[in-house]
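> Quick one: the structure is below, and I'll ask about it shortly.
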Amino acid sequence: MTEAFSYVFTALRGRQAGRDYYVVMCPLKLIPKIFLFDEEELPPELRAQRTLNRARIPDIANYIVENPEDYAFSSITAAIDGQVEFESLNDSELGRTVGRLTIPMTARFLINDGQHRRAAIEEALKECPALVDETISVVFFVDQDLERSQQLFADLNKHAVRPTKSLGILYDHRDPLANLCLRLINRVDMFKGLTETEKTSISNRSTKLFTLSSIYQATAELLKKRGKSPRVTRAEEKLAAEYWEALGDVIPEWRLAKEKRVSAAELRRDYIHTHGVMLQALGIVGAHLVAQHPHDWRERLGVLATLDWTRANTEQWEGRAMVTGRLSKAHSSITLTVNVLKSVLGLPLTPEEQQLEDEHNQSRQLETKQQQGTGRK
């Protein structure tokens, strides 16, 4: 190699699809220097990556800065457009795969996977210079033309599957609200043994009633928690536990499922109160009820036992929790469902809720007139 200036890494050499590739431990301080962004806007067919979503960068950078002792990053995958040289450690079987990788500084590096990590690392180093000598693994493929780099990007992302929201909550020990919900599903009688902690949807044959993601969203509404990793006080945890316990006493079908007098599948098929839209609505209503009636909210909650929660009650729930017979988690559906619960509980509507309620009623009246007109013909 005739290049005067080069990067030299200790590397592991592997082989895929008949081509050598290399894994190196790259100091964080080199990441912004090696992988430069081409700020010029190019059409997708001339790029090998998606465009950078700069809105994601602060969150990732904060994750590093706020967790300097236990953050973790997966490898960056990149292509090298340039001549490289690998010098094996020795001729043994192991030695042939370990050695020094020399890359000329004139080589062009193209990230196939990890551009947001790269940008976040650059931002994190500005706030926390002590991270400069920490490392991230980089997988290098060599002599990748644009077409192959685009294919590599497609291949790397084709089979990538994001974890479900429930699983993400289950494993997120940094989020105080997630930790609270994990305690709730073991503390609240109605949630014990009836909560799906891995999937966001529940199969027809499942013995579970609720999903962890739905409980998380509903509890966030109950405690009015916004943003990421909000702090949860002991008083708030006590309130959440008491509120969901109280609902378990108020809604008779929940108790029947707990006592195995009705199957979870039948309950989810015939009723709406175990589904995400209703749990979220109950969380929102609970926040208003506790705020307006801090001393007697438990007694007032009892009136919900008079509601007909069945899906067959289309007069009550169609156009609100349900749209053409299917449960809907649209914002308007949740708000219109909240309106029903507030009406039963004797709580006033907010201006936004009242406006949506008026629009809903006008729409229903128009539908009724149209149906009556069709009937007369």
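> Running a GNM on the chain with Cα contacts under 10 Å, which residue among 100, 117, 19 ends up with the highest mean-square fluctuation?
19
> Please list, in chain and number order, the residues 5+ apart from residue 113 or on another chain whose amide H is under 5 Å from its amide H, with Hs placed from the backbone.
For residue 113, whose amide H was placed from the backbone, the distant partners under 5 Å are 77.
> Neighbouring Cβ atoms within 10 Å as the yardstick, rank 126, 199 fewest first. Please list the in-between numbers first.
Working: 126 10, 199 16.
The order, fewest Cβ neighbours first, is 126, 199.
> Based only on Cα atoms, what mean projected area does the convex hull of the stretch 6-158 have, in nm²?
Numbers: hull surface 40.3 nm².
Mean orientational projected area (the stretch 6-158, Cα hull): 10.1 nm².
> Continuing with this model, one more query. Which GluC sites (Glu not before Pro) in the stretch 82-176 pass both tests, a DSSP loop state and at most 13 other beta-carbon atoms within 10 Å? Mind dumping the intermediate values first?
Values: sites: 85, 87, 93, 122, 123, 127, 134, 147; in loops: 93, 134.
Hits after loop and neighbour filter: 93.
> Is it possible to state the helix-based mean residue ellipticity at 222 nm for the chain, with each DSSP H run of 4+ residues giving -39500 (n - 2.57), the sum divided by total residues, to the nearest 500 deg cm²/dmol? What is it?
Details: 15 runs with 169 residues, N = 377.
Here the helix-only value at 222 nm equals -13500 deg cm²/dmol.
> Semi-axes of the stretch 110-217's equivalent ellipsoid from the Cα gyration tensor, sqrt of 5 times each eigenvalue, largest first, rounded to whole Å? Don't skip to the answer; put the middle values down first.
Working: eigenvalues 302, 97, 14 Å².
After diagonalising the Cα gyration tensor, the semi-axes are 39, 22, 9 Å.
> Same structure, new question: Using only Cα atoms, tell me the angle between helix 234-250 and the longest principal axis of the chain; keep it within 0 to 90° and round to the nearest 10.
Relative to the chain, helix 234-250 is tipped by roughly 50 degrees.
> What do you get for the angle between helix 276-292 and the principal long axis of the chain? Use alpha-carbon atoms, 0 to 90 degrees, nearest ten.
The helix 276-292 is inclined about 70 degrees to the chain.
> Moving on. Of 126/158; 29/224; 192/228; 158/329; 29/199, which pairs sit farther than 30 Å apart, going by alpha carbon to alpha carbon? Working shown, then result.
Values: 126/158 34 Å; 29/224 40 Å; 192/228 26 Å; 158/329 28 Å; 29/199 39 Å.
Too far apart for the 30 Å limit: 126/158; 29/224; 29/199.
> Follow-up. Please work out whether the stretch 294-363 counts as rounded, prolate or oblate from its C-alpha gyration tensor, where a ≥ b ≥ c are the square roots of the eigenvalues and a/c under 1.5 means rounded, while otherwise a/b larger than b/c means prolate and anything else oblate? Numbers along the way, then the final one.
Working: a/c = 2.24, a/b = 1.32, b/c = 1.70.
Cα axes put the stretch 294-363 in the oblate bin.
> Sort 26, 128, 181 so the one with the fewest other Cβ atoms within 10 Å of its own Cβ comes first.
128, 26, 181
> Can you tell me what the convex hull of the Cα atoms of the chain projects to on average, as an area in nm²? Mind showing how you got there, number by number?
Numbers: hull surface 112.3 nm².
It is 28.1 nm².
> With the contact rule set at Cα under 8 Å and sequence spacing of 6 or more, what percent relative contact order holds for the chain? Spell out each step's value before the answer.
On the way: 529 pairs, mean separation 49.3, N = 377.
Result for the chain is 13 percent.
> How high is the relative contact order of the stretch 165-358, in percent, counting Cα pairs under 8 Å that sit 6 or more residues apart? The partial results should precede the final answer.
Numbers: 257 pairs, mean separation 36.7, N = 194.
Computed value for the stretch 165-358: 19 percent relative contact order.
> On to the next question. From zero up to wherever the largest Cα-Cα distance of the stretch 165-358 sits, split into 5 Å bins and tell me the percent of pairs in each.
1, 8, 16, 22, 22, 17, 10, 4, 0
> If I build a Gaussian network model for the chain, linking alpha-carbon pairs within less than 10 angstrom, which residue out of 353, 315, 198 has the largest mean-square fluctuation?
315
> Rounding to the nearest 10 and keeping the result within 0 to 90°, find how far the Cα-based axis of helix 176-187 lies from the longest principal axis of the chain.
So the helix axis and the longest Cα principal axis differ by about 50 degrees.
> By per-residue mean of other Cβ atoms within 10 Å, what is the highest-first order of 187-196, 356-365? Walk me through the intermediate numbers first.
On the way: 187-196: 18.7, 356-365: 13.1.
Top to bottom by mean Cβ count within 10 Å: 187-196, 356-365.
Every number here is computed from the coordinates shown, using simple stated rules; none is lab data. The structure presented is a predicted model; accordingly, all values stated were derived computationally and were not measured. Here the Cβ is made from the backbone with ideal geometry for all residues, glycine too, and neighbour counts use every protein chain on show.
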